[in-house]
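Single-structure report; data block below.
The values are calculated or read from the model by the stated rules, or taken from the named source; none is laboratory data. None of these values were measured; they are calculated from a predicted model. Cβ placement follows ideal geometry from the backbone for every residue including glycine, while neighbour counts extend to all protein chains displayed.
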Amino acid sequence: MFEQAITSTKIIKTGHLTAHDLDKLIFYCGGEQANPCLIIDNNPLLQRDIMLDELRKIRKVEIFDKVFPDPKVTDIMAMTDQLKGKAIHVVIGIGGGSSMDSAKGIAAVLSNGGDLDDYLGAGATRKIEKRDVKLILIPTTAGTGSEVTKVGVYTSRSGRKYTLGHPLMQADIAVLVTAYTQGLPPAITASTAFDALSHALETLWNKNASPLSDRIAVESAVRILKWMETAYDSSLSEALEGRAEMLEAACMAGTGFSMTGTAAVHALSFILSEEWHIPHGIACAFTLEDVFRLNLRNETTRQRLKLVAKALYGEGDTDDLIDTLLKKIITLKKKFGLPFTFKDLNIELRTDKIGELFNKSLDDPKMKNNIVEVNREIIFELIKNKI
Ligand SMILES: NC(=O)c1ccc[n+]([C@@H]2O[C@H](COP(=O)([O-])OP(=O)(O)OC[C@H]3O[C@@H](n4cnc5c(N)ncnc54)[C@H](O)[C@@H]3O)[C@@H](O)[C@H]2O)c1
Ligand SMILES: [Fe+2]
């Protein structure tokens, strides 16, 4: 996979992961005496749970399962506090973005001290300066790409969702295990695939884009759009088709946005998750077609989107290609039952509340990455049209 050349994370792809495989990776990270700590959420995941039962028989492991979607600083600190005074050498996150980000947060605080809240937002009082533990991340969604990104996303004690980014947040090893996504239900398959698609597209309509990030983003957008429907159809019968491809494509999209940051879709999604606890992928899918249309005002973005459309729908240099691409995204959203309006989300929003709720997204660094400058009027129009 060519993105291995540009990420410091070693990426391993496998159909299955045995306890002996993971034990070997722990050994490579810290030797025979290495103490690993595992971070998971508390929902059962058959293949992972069988593997962990086996691992317990061959190595002493600390396992914490206090991870919930959109991980909270309080939960992460509760797990970190229980590790105080213990020599931990390897932190392993197995799960969706919430588990992997929790593992990243724990590794950061174990190494740099203090409280995770101290590292968040413009008023941060602490900086990440080192990492004393190795980090292994194993995604079970396809997905956030967190296994290769240098960011973690955390809900502070104040209830705001923050992105914490630093090269030292990046995993040493990412393992893409196809079997772990086999039982991913249709709704989570759909929402996490749209998160991955948003990562690829937000890398394209981004002020920090470069030829390298463009190339990765185009390639990952094409792969995601080629495979997400197959993976969704597989989810209806627990089949495997499309799963390995989506894991790889989401990982690749993570490599792309790790270079640029995300943009308007993500900045707006954080408000939806903070205010109404909308799951991340659904919150991203919600405004994707609107932000797509907004960014068509930028000619460079049109050219980049044409590259995606050409790879999917063949040659031709007309705007029809971009139209076909947008229509495909809308069709997939409809097929997957993803929301277009606040009514679809069962949220009653009054127009006089839009500014109060959504204008704070303008202070989010992600919004500043968006290639078309976003202002209060644009936000108002975009949100009003979804009521
Ligand atoms: N660090 C990053 O680069 C990055 C990027 C994008 C999003 N995020 C963050 O990641 C979080 C979202 O992560 P997510 O969308 O992967 O979901 P998640 O980790 O929040 O999990 C969502 C639900 O899916 C379930 N689940 C996960 N894998 C499963 C499987 N294989 N089978 C059945 N159920 C499964 C979980 O138990 C949970 O109930 C958000 O907090 C988001 O902000 C981080
Ligand atoms: Fe995301």
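Some notes on this structure:
- Condition check for E248: within 14 Å of ligand 2 (Cβ to nearest atom), among the acidic types (D, E) and under 28 Å from A107 (Cα atoms): no
- So S220, is it buried (at least 24 other Cβ atoms within 10 Å of the Cβ), within 17 Å of the chain's Cα centre (by Cα), within 14 Å of ligand 2 (Cβ to nearest atom) and in contact (Cβ under 8 Å) with a residue 60 or more places away in the chain: no
- Test result for V133, under 20 Å from T14 (Cβ atoms), away from ligand 1 (no atom under 14 Å from the Cβ) and buried (at least 18 other Cβ atoms within 10 Å of the Cβ): no
- Screening G93, G114, G105 for residues that are small (G, A, S) and assigned to a strand (DSSP E or B) leaves exactly one candidate, G93.
A quick yes/no check of all residues on (1) within 16 Å of ligand 2 (Cβ to nearest atom); (2) hydroxyl-bearing (S, T, Y); (3) over 29 Å from A193 (Cβ atoms); (4) surrounded by fewer than 19 Cβ atoms within 10 Å (Cβ to Cβ):
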| site | (1), (2), (3), (4) |
| --- | --- |
| H89 | no, no, yes, yes |
| S102 | yes, yes, no, no |
| T125 | no, yes, yes, yes |
| T149 | yes, yes, no, no |
| S158 | no, yes, yes, yes |
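- The one condition in (1) away from ligand 1 (no atom under 12 Å from the Cβ); (2) farther than 19 Å from I329 by Cα; (3) touching a residue at least 12 places away in the same chain (Cβ under 8 Å) that S258 fails to fulfil: (1)
- So L197, is it part of a helix (DSSP H, G or I), under 16 Å from K366 (Cβ atoms), within 16 Å of ligand 1 (Cβ to nearest atom) and of a type outside the set (K, R): no
- Looking across region 160-178, the residues that are assigned to a helix (DSSP H, G or I) and surrounded by fewer than 19 Cβ atoms within 10 Å (Cβ to Cβ) come down to P167, L168.
- Filter result for the condition that a residue is within 30 Å of F336 (Cβ to Cβ) and in contact with a helix residue (DSSP H, G or I) (Cβ under 8 Å, 6 or more places away or on another chain), over R160, R131: R160
- Matching option when the condition is modelled with pLDDT of 95 or more, β-branched (V, I, T) and surrounded by 18 or more Cβ atoms within 10 Å (Cβ to Cβ), among I94, I50, I63: I94
- Per the listing G121, G183, G114, the residue uniquely surrounded by fewer than 19 Cβ atoms within 10 Å (Cβ to Cβ) and in contact with a Phe, Trp or Tyr (Cβ under 6 Å, 6 or more places away or on another chain) is G121.
- Annotation note: Cβ proximity below 6 Å between a residue of region 177-193 that is within 16 Å of ligand 2 (Cβ to nearest atom) and a residue that is hydrophobic (A, V, I, L, M, F, W, C) and assigned to a helix (DSSP H, G or I) (sequence gap 6+ or interchain) occurs for T189/A231; A190/F336; S191/I282; A193/M228.
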